[in-house]
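K.L.:
Dropping a structure here in structure tokens format, bear with me for questions.
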Amino acid sequence: MTEHIIERENQNALYLLSAVVMVFMTLVVAIQPLFLRNVLGVSFEKAGFINANIHVVTELLDLALILFLGYLSDRYGRVPIATMGFLAAAAGALLAPFSLQLGMLLGIGGLGFYYLMRILMSLGTGAVWPQISALAGDFTTYGNRPRIMANTAFMMALGATLVYAVLMQIPRHAGFITVMLLTAGVALIGAVVTRRCLVDVAPKLEEERVPWRQVRDLLVGEERLRLGFASAFFARSDMVFIGMFLMMWFIYFADIVGVGQEEAAARGGALIGYAGVVVLVSVSFWGRLIANFGRVQSLALGLALSGLGFASMGFVVNPFDWFIILPTTLIAVGQAGCLVAPQVLTIDLAPKDIRGSVLGAFNVVGGIGIIFFVQIGGFLFDEIGPHAPFVFIGVGNLLLVCYAAWVMRGEIGEHRLAERELNEA
């Protein structure tokens, strides 16, 4: 029994916040190489390591928080946690542009202060987007979940597309500090909309401890859930790769081809914006495919397309060359599937009263994947070349396709999930 009826306003607010949180997260990553290069003076030789290390540090600190907040959302609700997360992210975004001055004042240096603000922003968004996913599960049933989750993914892709196609063009005209300050306003909008327009509808968990054993038993007993978690490990970092390593490739290759920094950022942003448009166009197709073709089958197809696209980056020498559009298209189409299918599969299999805890564990596994792949990707970027991180993650995605094929060999009919959900209602 729920305390609130889900209104159209609640559904629309969920869609809007999916875009808002993605705008914030993507913009922070996209602007980071420009800020490090032009304000904090990070050189090309250290760019891969430092940019990757910032992500690794923030993800490490996010892991325990996300898991614990998943449990707290089961106990006390998703909305208060998401609201506080947006406010924390806004505070970090407001102070980050002044890292050089404030770092000198505090005696920790500009880079040290920027690390702290990125940690604060990451902890904030780490409290938000898992709650958005959990609310999407709370608002849906087995039958309409692929469509609603696809709509949510569409809005997330729209947010990322706006960043690279529109907002990352602003540095050429108003400077990148203006764009960095804009992120604080985006987070404040998110806090207001969350507080006023979302409602908690899931049954509250009575257990006063994190339900580790229930989550573990669920994973041990359901191989499709293990596949969903494995896809989070391998595929969660894919969008970070596109946002960070592709932008770095453009910015640090600009000197070789004689292109200015702001122009390179705009060119890189345009390409990543194009990838976002491809995701937007294809995500509704994935929603229908998941509903009609199957969760696991759709996930396998998305991983295969994404893996082929990343591996094809090995043939790219100059990111300013038109050929890069081909692998980018494959990556984007595959990513649309990888964005929707694993979450739908995980929400299907998670009991309602511990859904937040299961999604918390799911997101922790994804965070570990980001740490693993981004850290190694930064090393490969510096030591082998800008194409190496993409090839590495492409091989990982293709290997996971093999595991998905293994899961499909004895897959139980998905109608049992619908029956269980009807019994829980």
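K.L.:
Scan the helices (runs of 4 or more DSSP H) fully inside segment 117-214 and keep the ones with 2 or more residues being free of Cβ contacts under 8 Å to residues at least 40 places away in the same chain and under 23 Å from residue 248 (Cα atoms). Before you say what the answer is, go through the steps one by one.
P.N.:
Numbers: elements: 145-165, 171-174, 176-197.
Here the list reads 171-174.
K.L.:
Scan segment 93-132 residue by residue and report those that are small (Gly, Ala, Ser) and either within 28 Å of residue 67 (Cα to Cα) or surrounded by 17 or more Cβ atoms within 10 Å (Cβ to Cβ) (or both). Working first, answer last.
P.N.:
First, the residues of segment 93-132 that are small (Gly, Ala, Ser): 93, 96, 99, 103, 107, 109-110, 112, 122, 124, 126-127.
Result: 93, 96, 99, 103, 110, 112, 122, 124, 126, 127.
K.L.:
Among 278, 283, which is the only one that is among the β-branched types (Val, Ile, Thr), in a helix (DSSP H, G or I) and farther than 29 Å from residue 254 by Cα?
P.N.:
One residue alone meets the criteria, 283.
K.L.:
Can you find a residue that is in contact with a Lys or Arg (Cβ under 8 Å, 6 or more places away or on another chain) and either surrounded by 21 or more Cβ atoms within 10 Å (Cβ to Cβ) or modelled with pLDDT under 80 (or both) anywhere in segment 9-18?
P.N.:
No, that holds for no residue.
K.L.:
Then there is this: So, in segment 217-226, how many residues would count as being over 18 Å from residue 367 (Cβ atoms) and in a helix (DSSP H, G or I)? Explain how you work it out, then say what you get.
P.N.:
Start the filter on segment 217-226 by keeping residues that are over 18 Å from residue 367 (Cβ atoms), which leaves 217-218, 220-224.
In the following step, the residues that additionally are in a helix (DSSP H, G or I) were identified as 217-218, 220-221, 223-224.
Number satisfying all stated conditions: 6.
K.L.:
Mind checking which residues of segment 77-90 are farther than 19 Å from residue 136 by Cβ and out of contact with any Gly (no Cβ under 7 Å at 6 or more places or on another chain)? Please lay out each step first, then the result.
P.N.:
The first filter runs over segment 77-90 and keeps only residues farther than 19 Å from residue 136 by Cβ, leaving 84, 87-90.
Listed by number, the residues that qualify are 84, 87, 90.
K.L.:
Looking at 79, 29, 57, can you tell me which residue is of a type in the set (A, V, I, L, M), touching a His at 6+ places or on another chain (Cβ under 9 Å) and either surrounded by fewer than 23 Cβ atoms within 10 Å (Cβ to Cβ) or closer than 30 Å to residue 203 by Cβ (or both)? Steps first, please.
P.N.:
Working: 79 fails: touching a His at 6+ places or on another chain (Cβ under 9 Å); 57 fails: touching a His at 6+ places or on another chain (Cβ under 9 Å).
Being of a type in the set (A, V, I, L, M), touching a His at 6+ places or on another chain (Cβ under 9 Å) and either surrounded by fewer than 23 Cβ atoms within 10 Å (Cβ to Cβ) or closer than 30 Å to residue 203 by Cβ (or both) holds for just one of 79, 29, 57, which is 29.
The values are calculated or read from the model by the stated rules, or taken from the named source; none is laboratory data. No experiment lies behind these values; they were computed from the predicted model shown. Reconstructed Cβ throughout: ideal geometry from the backbone, glycine too, with neighbour counts over all protein chains shown.
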